[in-house]
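Remarks on the structure that follows.
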Amino acid sequence: MGKERGKYAVLMIAGVCLAILTATGCGNGKETVESETVQDTDKTGEGRSEEKNGLAHETAADGHVDFEALQQENPDIFAWLYVPGTDIDTPVLQSPISDDFYQNHTSDGMEGQEGALYTEMPNMMNMCDFNTIIHGKDGKESDLFSGLHRFEEPEFFEKNEKFYLYLPDNVLTYEVFAAYYDEGSDILRRFDYTTYAGCEAYLRQVFGSREMGKQQREGWDDLTPYHFIVTLNGEVRSGEGKQYVVLGALVEDAAGKIDRVILE
């Protein structure tokens with residue numbers, strides 16, 4: 001796949017409609033990065049439909065993510081997730097009130113059983129954690145994370161390698177390296193991800209899973225605690241004790257801000 005995967009595996013974008021910015025540490029810079037246009041051709045050469053999903057009619061497909069407008073509507077919006085080949089083109093929120101607030105509240109903060117995509121308070125909103133868990137409902141076709149199940153299809157998994165996370169001052173690219181039905185326990189609290197041993201234990205669990213139907217991309221078995229992972233996490237299935245997860249590793253960091261200290 002033409003990528004060098006070393007210990008740190010955090011690469012810079014030389015520029016695709018982006019100005020490369022420099023900053024030290026994670027989230028310390030005050031610069032801003034214009035949203036990159038990531039056009040999903042769905043392998044056919046034709047662009048995806050221009051469905052407007054955001055509070056300010058945003059869609060990452062045309063590069064228009066207006067965080068200023070979004071945060072005026074709801075300051076809990078801190079990121080935007082775009083998964084090409086699916087209809088996941090949606091804001092990501094974190095509530096300062098309750099970890100599960102957005103299970104039953106929509107992205108405008110109003111009550112709604114459809115909920116929103118969200119992270120919990122233990123995860124930093126600057127995306128510098130080893131493993132950031134983005135939750136969403138996936139049980140019905142209309143649910144925000146129902147599109148994750150396309151990765152169950154081997155051909156789709158093979159052809160659709162990346163997803164994108166937009167921040168107000170950065171654009172992050174992740175490569176999908178695994179998708180499978182995980183055990184139903186709390187991923188965020190299974191291990192201490194601030195330590196090298198805790199991160200290693202999680203990686204051993206991921207690659208040791210022999211779940212039927214698991215999709216796993218070759219060349220990623222050398223992941224280390226120095227990588228940055230995002231887990232797109234569906235709901236635990238009632239009666240089955242399983243939750244569908246799609247895991248991506250950071251491969252491009254436009255602003256060069258993603259970094260952290262790992263305790264040995």
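The values are calculated or read from the model by the stated rules, or taken from the named source; none is laboratory data. Predicted model only: the values in this text are computed from it and were never measured. Cβ sites come from the backbone with ideal geometry, for glycine too, and all protein chains shown count toward neighbours.
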Note to self: On the basis of being crowded, with 20+ Cβ neighbours inside 10 Å and either in contact with a Cys (Cβ under 8 Å, 6 or more places away or on another chain) or modelled with pLDDT under 95 (or both), does Tyr174 make the cut?
What the structure shows: no
Notebook entry, point to check: Which strands (runs of 3 or more DSSP E) does region 169-264 wholly contain that include 2 or more residues that are in contact (Cβ under 8 Å) with a residue 40 or more places away in the chain and over 30 Å from Asp66 (Cβ atoms)?
Noted result: 170-183, 242-253
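Results for (1) surrounded by 21 or more Cβ atoms within 10 Å (Cβ to Cβ); (2) within 12 Å of Ala178 (Cα to Cα); (3) not polar (S, T, N, Q), shown as yes or no for each residue.
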| residue | (1), (2), (3) |
| --- | --- |
| Arg217 | no, yes, yes |
| Thr224 | no, no, no |
| Phe228 | yes, no, yes |
| Val236 | no, no, yes |
| Val246 | yes, yes, yes |
| Ala254 | yes, no, yes |
| Ile262 | no, no, yes |
Notebook entry, point to check: Which pairs do you get when a residue that is in a strand (DSSP E or B), found in region 96-120, comes within reach of a residue that is among the aromatic types (Phe, Trp, Tyr), reach meaning Cβ atoms under 6 angstrom, with the pair 6+ apart or on two chains?
Noted result: Tyr118/Tyr102
Item checked: Failed condition for Asn131, given (1) touching a Cys at 6+ places or on another chain (Cβ under 9 Å); (2) at pLDDT below 95 -> (2)
Next item on the list: Select from region 135-156 the residues that are part of a helix (DSSP H, G or I) and either basic (Lys, Arg) or touching a helix residue (DSSP H, G or I) at 6+ places or on another chain (Cβ under 8 Å) (or both) and list them in ascending order.
Entry: Arg150, Phe151, Phe156
Notebook entry, point to check: From the set of residues in region 155-168 that are more than 14 Å from Pro84 (Cα to Cα) and in contact (Cβ under 8 Å) with a residue 60 or more places away in the chain, which is surrounded by the most Cβ atoms within 10 Å (Cβ to Cβ)?
Noted result: Leu167
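Just checking, which of Ser142, Ser146 is of a type in the set (Gly, Ala, Ser), buried (at least 18 other Cβ atoms within 10 Å of the Cβ) and without any contact (Cβ under 8 Å) to a residue 60 or more places away in the chain?
Values: Ser142 fails: buried (at least 18 other Cβ atoms within 10 Å of the Cβ).
On inspection, the qualifying residue turns out to be Ser146.
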Checklist line | Condition check for Gly219: over 21 Å from Phe130 (Cβ atoms) and not hydroxyl-bearing (Ser, Thr, Tyr) | finding: no
Check: Of the residues that make up region 190-207, is at least one surrounded by 21 or more Cβ atoms within 10 Å (Cβ to Cβ) and either touching a Cys at 6+ places or on another chain (Cβ under 8 Å) or over 16 Å from Asn131 (Cα atoms) (or both)?
Finding: yes
